[in-house]
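The structure appears below as structure tokens.
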Amino acid sequence: QLVPVEALVKAVKSRNKLTMADCSCLDDARRALAAGVDFVGTTLSGYVGGPEPEDPDIALIAQMRTLTPYVIAEGRIRSPEQAAAAARAGACAVVVGSAITRTEHVTSWFHQAISEAYAARGTQTVLGPTVLGIDIGGTKTMAALVSGGKVIEDMIVPTAREAGPDAWLASLAQSTSAWSSRFSRIGIAVTGLVHDGRWSALNPATLGIPDGYPLVERASAVFGKPVCAFNDAQAAAWGEYKFGAGQGRDIVFLTISTGIGGGIVCNGRLLSGLAGHFGLIRGLSADQAPLEDSTSGRWIASQALKAGFKADAADVFGRALKGEAWADAIVSRSASRVATLCRDIQMMFDPKSIVIGGSIGLADGYLDRVRAHLGEVPPRLSSNLVAAKLAGHAGVIGVADLAEWAR
């Protein structure tokens, strides 16, 4: 039940307590003080619509100080220098939150600042231990030497679907043999479910493998080095969270391509197991088929064929951009379903960002279509959709970092 601010203030003061109002702007502070509030804070500045700023709102602190000496500075204060600036602007008290309580945030701030400084210098730096990252996909497999979130060298080989995982591992070991002295650990990202080092297919149409295949055990034997394994979209989510579009903040990652996969990073921790397998959600389709069967690249190509055109997803996008109505309608339906999924994800997890990747997700104009379908959603319920930054390297970068942390 909504209660007027004046009534709340009166109730609190009747018990001889002080009151504080979280404000987003100077007008909020004026209204709060007129209602009899004792302290005003900058807590909500930057959080009531639009992109979230990086720095504290020092200007608002100074403006509030012209109204009252009882201003509390709060929000995005990450360093002693920023805290001192808030005090100099007139704050009577300074609140520091994540910079003390959320070590994963602090780590990401330092990592980003140092990386940008080295990039500006343009000099070669020592990145740290090198890990072999492997991403086994339905049509191709990528192997890369990764250090400190950077790909040093990579290669792509076809995935011989009919050969099976034993043959894939043997082929990879042979293909990367020239690198064997350059890495100490291996991280493998695969489609499907990984549990206790065993690999199972959730959608055999993507890549058929024996159920419960002992991936970590077999790979360790073939390469002779420690191995860890993760779902490919979860690994990509971690890569984007730590080194890409996530910028060290909680995200949900969606990859939309041949199928749909995803990963969730919550409170700085990657959720494993079944978490993030959004393509297998069935509630959004009328026939209760998996969502990816009515949204992904495979579906787009099948709809083109039904419309009388033999075209893959890339061709359909090209024709949509040329204004062909049948192609535009197919792409729009796919984007609409992804928009509904993003809205549901926002309600379930409330991530800072939903990062969109994959060949369909990053296709020209697709993300704008998804945003357009979310246009009528109230700002507080809307999703901050951002394009993935690591592209095809997200999986190998993420799984390499996870392998290093697993040592």
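Each reported figure results from applying straightforward, stated rules to the coordinates on display, with no laboratory input. Keep in mind that what you see is a predicted model, and the values were worked out from it rather than measured. Virtual Cβ from ideal backbone geometry, glycine too; neighbours counted across all protein chains shown.
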Practice task
Apply the Karplus parameterisation 6.51 cos²θ - 1.76 cosθ + 1.60, with θ equal to phi minus 60°, to every residue of region 207-214 and state each ³J(HN,Hα) to the nearest whole Hz, in sequence, with x for glycine and proline.
Solution key: 6, x, 9, x, 5, x, 4, x
Handout entry: the chain: relative contact order in percent, alpha carbon pairs under 8 Å with at least 6 residues between
Key = 13
Exercise for the section: Taking 7 Å along the Cα-to-C-beta vector as the label spot, tell me the GLN112-ILE156 distance in nanometres, rounded to one decimal. Expected result: 3.0
Handout entry: Listed residues VAL338, VAL252, VAL37, most fluctuating in the chain (Gaussian network, C-alpha, under 10 Å)
Key = VAL37
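Stokes-Einstein D for the chain at 20 °C, 1.002 mPa s, Kirkwood Rh over Cα pairs, in µm²/s?
90
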Problem - Residue-averaged 222 nm ellipticity for the chain, from DSSP H runs of 4+ at -39500 (n - 2.57), nearest 500 - result: -11500 deg cm²/dmol
Exercise for the section: Can you work out the PRE-style zone for THR103? Point 7 Å along Cα to Cβ, and I want the residues of region 374-407 with backbone N under 20 Å. Expected result: 401-407
Handout entry: Karplus-derived 3J(HN,Hα), 6.51/-1.76/1.60, for each residue of region 36-41, Hz, glycine and proline x
Key = x, 5, 7, 10, 10, x
Problem - Cα-based shape type of region 245-388, given that a ≥ b ≥ c are square roots of the gyration tensor eigenvalues and the cut on a/c is 1.5 - result: prolate
Problem - Fully extended contour minus Cα-Cα distance, from CYS92 to ASP368, at 0.36 nm per residue - result: 94.9 nm
Exercise for the section: Using θ = phi - 60° and the Karplus relation 6.51 cos²θ - 1.76 cosθ + 1.60, list the HN-Hα couplings for region 89-96 in order, rounded to whole Hz, with x at every Gly or Pro. Expected result: 6, x, 5, 8, 8, 10, 9, 10
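Could you give the longest part of the chain that holds none of the GluC sites (Glu not before Pro) found in DSSP loops with at most 10 neighbouring Cβ atoms within 10 Å? Could you put the intermediate results ahead of the total?
Numbers: sites that count: GLU54, GLU162, GLU376.
Result, exposed sites excluded: 163-375.
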Completion exercise
Checked region 162-279 with the C-alpha gyration tensor, a ≥ b ≥ c its square-rooted eigenvalues, rounded below a/c of 1.5, otherwise prolate if a/b is larger than b/c and oblate if not; verdict oblate
Handout entry: Antiparallel bridges, percent of DSSP beta bridges restricted to region 252-407 (to nearest 5)
Key = 50
Fill in the blank from the handout: Under 14 Å between C-alpha atoms, the lysine pairs in the chain lying 8 or more places apart or on different chains count 4
Problem - Antiparallel bridges, percent of DSSP beta bridges restricted to the chain (to nearest 5) - result: 50
Exercise for the section: Taking only Cα atoms and a 10 Å spring cutoff, compute GNM fluctuations for the chain and point out the largest among GLY138, GLY259, GLY36. Expected result: GLY36
Exercise for the section: Starting from the Cα gyration tensor of region 229-318, take the square roots of the eigenvalues, sort them a ≥ b ≥ c, and report rounded, prolate or oblate (rounded when a/c is under 1.5, otherwise prolate if a/b is larger than b/c, else oblate). Expected result: prolate
Exercise for the section: Could you please report the charge total around ALA311, scoring K, R as +1 and D, E as -1 over all other residues with beta-carbon less than 15 angstrom from its beta-carbon? Expected result: +1
Handout entry: Extension gain from LEU274 to ASP27, taking 0.36 nm per residue of separation minus the Cα-Cα distance
Key = 84.3 nm
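I need the chymotrypsin sites (Phe, Trp or Tyr not before Pro) found in region 248-336, filtered to DSSP loop residues with at most 16 other beta carbons within 10 Å of theirs.
Numbers: sites: PHE253, PHE278, TRP299, PHE309, PHE317, TRP326; in loops: PHE309.
Filter output for region 248-336: PHE309.
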